[in-house]
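One structure below.
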Amino acid sequence: MESRQHNATKEPEIELFVKAGLDGENIGNCPFCQRLFMVLWLKGVKFNVTTVDMTRKPEELKDLAPGTNPPFLLFNKELKTDFIKIEEFLEQTLGPPMYPHLSPKYKESFDVGSDIFAKFSAYIKNPRKEANINFEKALLREFQRLDAYLNTPLPEEIDQDSVEDITVSKRKFLDGDHLTLADCNLLPKLHIIKIAAKKYRDFEIPADMTGVWRYLNNAYACDEFSHTCPADEEIEHTYASVARKMT
């Protein structure tokens with residue numbers, strides 16, 4: 001792995017192992033893999049990514065991380081497992097002045113989307129047509145909560161000395177104009193919801209949720225997110241067996 005000297009400190013050797021897609025090579029559908037991929041990219045550290053074909057896990061990987069599914073990480077040849085612990089380790093280990101902190105300033109930025117994926121999972125798995133409307137309403141309530149948060153100005157957006165009242169936030173992301181760990185957690189899930197819910201339930205995020213759409217459009221314009229997303233077909237294939245046909 002290529003390395004460079006920076007303040008006389010050698011960069012760590014990092015290899016991220018993620019789930020492979022249907023072809024066994026490209027990135028598969030795994031929001032936790034994408035989450036760590038985004039974190040490493042945003043840190044600005046050099047790293048390698050290896051896709052793991054779960055249908056025929058190579059022998060060397062079985063020896064490296066027995067019983068472990070992606071994502072997992074080699075950091076200076078030391079194995080790290082559990083994506084939450086990996087994220088915490090990277091945030092603590094790769095800090096200023098060489099690397100940026102990615103923790104959000106506001107706790108609500110992490111909390112606001114915490115239930116949205118669970119509500120989506122219940123919605124997509126429900127096979128009963130008469131119950132569908134209630135599952136959809138529950139999902140929409142979580143989107144409304146997210147939309148309200150994204151449209152509410154953060155304290156730093158409000159100028160106490162200004163005569164103009166800022167009533168709608170113009171920020172790009174959950175916690176401001178820079179991607180944080182909160183976005184790395186939520187955006188991969190929103191992408192899955194957007195693709196799978198449209199394909200199997202003809203559900204679309206309402207156009208009047210301007211905060212959510214501003215957020216998504218800004219995110220898709222960032223390589224750290226758009227270039228780590230799995231292909232739509234990967235998501236559709238994953239949920240083909242999960243999305244219960246309604247009767």
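The values are calculated or read from the model by the stated rules, or taken from the named source; none is laboratory data. All of these numbers come straight from a predicted model, not from anything done at the bench. All Cβ positions, glycine included, derive from the backbone under ideal geometry; neighbour counts span all protein chains shown. Only protein heavy atoms, including side chains, enter the accessible area calculation; ligands, DNA and RNA are left aside. Shrake-Rupley method; radii C 1.70, N 1.55, O 1.52, S 1.80 Å.
Can you name every residue in segment 100-116 that is open to solvent by 20 Å² or more (accessible area, probe 1.4 Å) and either closer than 20 Å to residue 34 by Cα or out of contact with any strand residue (DSSP E or B) (no Cβ under 8 Å at 6 or more places or on another chain) (or both)? Let's see the steps before the verdict.
Restricting attention to segment 100-116, the residues satisfying the condition of being open to solvent by 20 Å² or more (accessible area, probe 1.4 Å) are 100-101, 103-108, 110-111, 114-115.
Once the filter is applied, which keeps residues that are open to solvent by 20 Å² or more (accessible area, probe 1.4 Å) and either closer than 20 Å to residue 34 by Cα or out of contact with any strand residue (DSSP E or B) (no Cβ under 8 Å at 6 or more places or on another chain) (or both), segment 100-116 yields 100, 101, 103, 104, 106, 107, 108, 110, 111, 114, 115.
From 230, 188, which residue is in contact with a strand residue (DSSP E or B) (Cβ under 8 Å, 6 or more places away or on another chain) and not aliphatic (A, V, I, L, M)? Break it down stepwise before answering.
Working: 188 fails: in contact with a strand residue (DSSP E or B) (Cβ under 8 Å, 6 or more places away or on another chain).
That would be 230, the only listed residue that is in contact with a strand residue (DSSP E or B) (Cβ under 8 Å, 6 or more places away or on another chain) and not aliphatic (A, V, I, L, M).
Within segment 70-99, can you find the residues that are in contact (Cβ under 8 Å) with a residue 12 or more places away in the chain and either hydrophobic (A, V, I, L, M, F, W, C) or touching a His at 6+ places or on another chain (Cβ under 9 Å) (or both)?
Pass one, segment 70-99, residues in contact (Cβ under 8 Å) with a residue 12 or more places away in the chain: 70-77, 79, 81, 83, 86-87, 89-91, 93-94, 97-99.
Hits for segment 70-99 are 72, 73, 74, 75, 79, 83, 86, 89, 90, 91, 94, 98.
Give the residues of segment 1-18 that are of a type in the set (Val, Ile, Thr) and either within 27 Å of the chain's Cα centre (by Cα) or modelled with pLDDT of 85 or more (or both), sorted by residue number.
Of all residues in segment 1-18, those of a type in the set (Val, Ile, Thr) come to 9, 14, 18.
14, 18, listed by residue number.
Exactly one condition in (1) of a type outside the set (D, E, K, R); (2) without any contact (Cβ under 8 Å) to a residue 12 or more places away in the chain; (3) in a helix (DSSP H, G or I) is false for residue 67; which is it?
Exception for residue 67: condition (3).
Hey, among 156, 233, 164, 142, which residue is out of contact with any helix residue (DSSP H, G or I) (no Cβ under 8 Å at 6 or more places or on another chain), closer than 26 Å to residue 33 by Cβ and among the charged types (D, E, K, R)?
Numbers: 156 fails: closer than 26 Å to residue 33 by Cβ; 164 fails: closer than 26 Å to residue 33 by Cβ; 142 fails: out of contact with any helix residue (DSSP H, G or I) (no Cβ under 8 Å at 6 or more places or on another chain).
On inspection, the qualifying residue turns out to be 233.
Can you name the residue in segment 65-99 that is open to solvent by less than 80 Å² (accessible area, probe 1.4 Å) and among the small types (Gly, Ala, Ser) and is also farthest from residue 36 (Cα to Cα) among such residues?
Checking each candidate, the answer is 65.
Name the single residue, out of those in segment 33-56 being within 18 Å of residue 238 (Cβ to Cβ) and without any contact (Cβ under 8 Å) to a residue 60 or more places away in the chain, that is most open to solvent (accessible area, probe 1.4 Å).
From segment 33-56, those within 18 Å of residue 238 (Cβ to Cβ) are 33-35, 37, 51-55; that's our starting set.
Checking which are without any contact (Cβ under 8 Å) to a residue 60 or more places away in the chain leaves us with 33, 51-55.
Working: 33: 5, 51: 42, 52: 0, 53: 26, 54: 74, 55: 123 Å².
Result: 55.
Of everything in segment 21-67 that's at pLDDT 95 or above and among the small types (Gly, Ala, Ser), which residue is nearest to residue 229 (Cα to Cα)?
Looking at residues that are at pLDDT 95 or above and among the small types (Gly, Ala, Ser), I get 28.
Could you please find all residues in segment 156-202 being surrounded by fewer than 16 Cβ atoms within 10 Å (Cβ to Cβ) and of a type in the set (Val, Ile, Thr)?
Within segment 156-202, 158, 163, 166, 167, 168 qualify.
When you scan segment 38-61, how many residues do you find that are hydrophobic (A, V, I, L, M, F, W, C) and farther than 18 Å from residue 77 by Cα? Write out each step before concluding.
First pass over segment 38-61, keeping only residues hydrophobic (A, V, I, L, M, F, W, C): 38-42, 45, 47, 49, 52, 54, 61.
Remaining after also requiring farther than 18 Å from residue 77 by Cα: 38-39, 41-42, 54.
Final tally of qualifying residues: 5.
Tally up the residues in segment 203-214 that are surrounded by 14 or more Cβ atoms within 10 Å (Cβ to Cβ) and in a helix (DSSP H, G or I), please.
Of all residues in segment 203-214, those surrounded by 14 or more Cβ atoms within 10 Å (Cβ to Cβ) come to 203, 205, 209, 211-214.
Now narrow it down to the ones that are in a helix (DSSP H, G or I): 211-214.
Summing the residues that are surrounded by 14 or more Cβ atoms within 10 Å (Cβ to Cβ) and in a helix (DSSP H, G or I) in segment 203-214 gives 4.
Looking at (1) farther than 23 Å from residue 130 by Cα; (2) assigned to a loop (DSSP other than H, G, I, E, B); (3) open to solvent by 40 Å² or more (accessible area, probe 1.4 Å), can you tell me which one residue 217 breaks?
(2)
Search segment 220-247 for residues being part of a helix (DSSP H, G or I) and among the hydroxyl-bearing types (Ser, Thr, Tyr), and hand back the single one that is nearest to residue 20 (Cα to Cα). Don't jump to the end; show me each part of the working.
Within segment 220-247, the first condition is being part of a helix (DSSP H, G or I), and the residues that meet it are 220, 223-226, 232-240.
Subsequent filtering for residues that are among the hydroxyl-bearing types (Ser, Thr, Tyr) retains 220, 226, 238-239.
On the way: 220: 22, 226: 17, 238: 12, 239: 16 Å.
By that ranking, first place goes to 238.
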